[in-house]
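Reading through the structure tokens given below for one structure.
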Amino acid sequence: MLIFRYLAKEVFVTLASLTTILLLIFMSNQFVRYLNRAASGQIPGMIIMKLMMLELPNLMGLLLPLGFYVALLIAYGRLYAESEMTVLQACGYGPSQLLRHSFVMAAVVSVLVGIIMIWASPVIATERAKLLRTTGIQTAIQMIVPGRFRALSEGKQIFYVESMNREHSKAQQVFLARQVVKDNHLQWDILLAERAFAETDPTTLENYIVLQQGSEYEGMPGKADFQVSEFDQYKARLPHPVIEIEKDIRTTDTASLLPFNNPDKRKAAELQWRLSVPIMVLTLTLVAVPLSRVNPRAGKYAKLLPAIVLYIVYANFIFVSRDWLIAGKVPLWFGMWWLHFAVAGIGLLLIWRNQVKLS
């Protein structure tokens, strides 16, 4: 137990350091992508940090298998390079015990990754889609520049505001022209208001722009018979990007993806993908333990490069296998499982090779 605690400390400290570094790198990259989307008007800038927080668990689930794999290689590689593993073996601590203890640690990480991928991932994807959907009206409003006319809905609506507050949530002196068809005739509705702000209807959850203290002009261009009416408050729906949550397979809870032989290939592929990530932790452990054995003269990083290459090939083929499954190029029973068996076979081959060298 003392040896296990020592090994676990070495591995998990390294895992924490590696995962933190990888998270910072990938989160920075994702932050830049969200900034670009906000600059182009695809999302409002005010939700970037919320989106980043929602990305964090998913990234953790994807990076933990890589982090644990590299942590085993570095931690055990150091023990071999500094002859500590040789001392442990001289005390009766053999390769089989090392593999068994490594799988105990791998099981902990695999369960954590499984919780993220199987339960948390669809919940987070749903919340992310809802956030983007409910902030669509804010996106449209944030793209409006005071003092300039802005065309919406392919020119069918023209919006103009004289000034806006700092939060870009309230506007003063608003002009809204909408192209509508009434009695088979094309006409324009023109709205003028002193103030305007965004509002979500609590019943329908639809987003509206609320105009206050204004007038409405209805009629056909070129004719004088315009109808004029005044209002204290007027709600108008502005077009904005809407994400259909139910159409995104990532938002589907795992129970709804069952059975394994689901005739819907997209659901079958998504289910195998969610199960494949925690399985990766176990198969990579089977490879990392024998691969971490290095000659003290070669250094603890001697086999790190081929190990990383193997991981890259493994991870890429998982994505390829998912695409093959969706496209119907491979049967459901074959799916992504062949890849896990192949990597596990490589691990068993490396273990057998090390045993031959020791005998």
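The values are calculated or read from the model by the stated rules, or taken from the named source; none is laboratory data. Only a predicted model underlies this, so the values are computations on that prediction, with no experimental measurement involved. Quick reminder, even Gly has a Cβ in these numbers, built from the backbone with ideal geometry, and neighbours come from all protein chains shown.
Mind checking whether some residue in the stretch 71-85 is assigned to a loop (DSSP other than H, G, I, E, B), within 30 Å of LEU291 (Cα to Cα) and in the same structural domain as GLY347 (by TED's automatic domain parsing)? Yes, the stretch 71-85 has at least one match. The set of residues in the stretch 20-57 that are in contact with a Ser or Thr (Cβ under 8 Å, 6 or more places away or on another chain), crowded, with 18+ Cβ neighbours inside 10 Å and in a helix (DSSP H, G or I) contains only ILE47.
In the set ILE308, ILE318, ILE312, only one residue is under 26 Å from the mean Cα position of the chain (by Cα), at pLDDT 90 or above and surrounded by fewer than 13 Cβ atoms within 10 Å (Cβ to Cβ); that residue is ILE312. For the stretch 331-346, does any single residue satisfy the condition of being surrounded by 14 or more Cβ atoms within 10 Å (Cβ to Cβ) and within 19 Å of SER96 (Cβ to Cβ)? Among the residues of the stretch 331-346, at least one is surrounded by 14 or more Cβ atoms within 10 Å (Cβ to Cβ) and within 19 Å of SER96 (Cβ to Cβ), which makes the answer yes. TYR34 meets the stated requirement of being more than 23 Å from SER110 (Cβ to Cβ) and among the hydroxyl-bearing types (Ser, Thr, Tyr).
Applying a threshold of 8 Å to beta carbon distances and a minimum spacing of six or more residues, or different chains, the list of pairs starting in the stretch 22-37 at a residue that is outside the structural domain of PRO65 (by TED's automatic domain parsing) and under 14 Å from LEU66 (Cβ atoms) and ending at one that is surrounded by 12 or more Cβ atoms within 10 Å (Cβ to Cβ) and of a type in the set (Gly, Ala, Ser) is empty.
Number of residues in the stretch 291-326 that are farther than 19 Å from LEU15 by Cβ and not aliphatic (A, V, I, L, M) equals 13. The set of residues from the stretch 271-308 being within 22 Å of VAL109 (Cα to Cα) and free of Cβ contacts under 8 Å to residues at least 24 places away in the same chain comprises just one member, LEU271.
Here the stretch 179-205 is the region considered, the condition is being modelled with pLDDT of 80 or more and either more than 18 Å from ILE158 (Cβ to Cβ) or of a type in the set (A, V, I, L, M) (or both), and the residue that is surrounded by the fewest Cβ atoms within 10 Å (Cβ to Cβ) is GLU194. Could you check how many residues of the stretch 305-359 are hydrophobic (A, V, I, L, M, F, W, C) and farther than 17 Å from LEU72 by Cα? Residues that pass the stated criteria total 24.
A quick yes/no check of all residues on (1) under 30 Å from ALA38 (Cβ atoms); (2) crowded, with 19+ Cβ neighbours inside 10 Å:
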| residue | (1), (2) |
| --- | --- |
| TYR76 | no, yes |
| GLU82 | no, no |
| LEU88 | no, no |
| TYR93 | no, no |
| PHE103 | no, no |
| SER110 | no, yes |
| ILE118 | no, yes |
| LEU131 | yes, no |
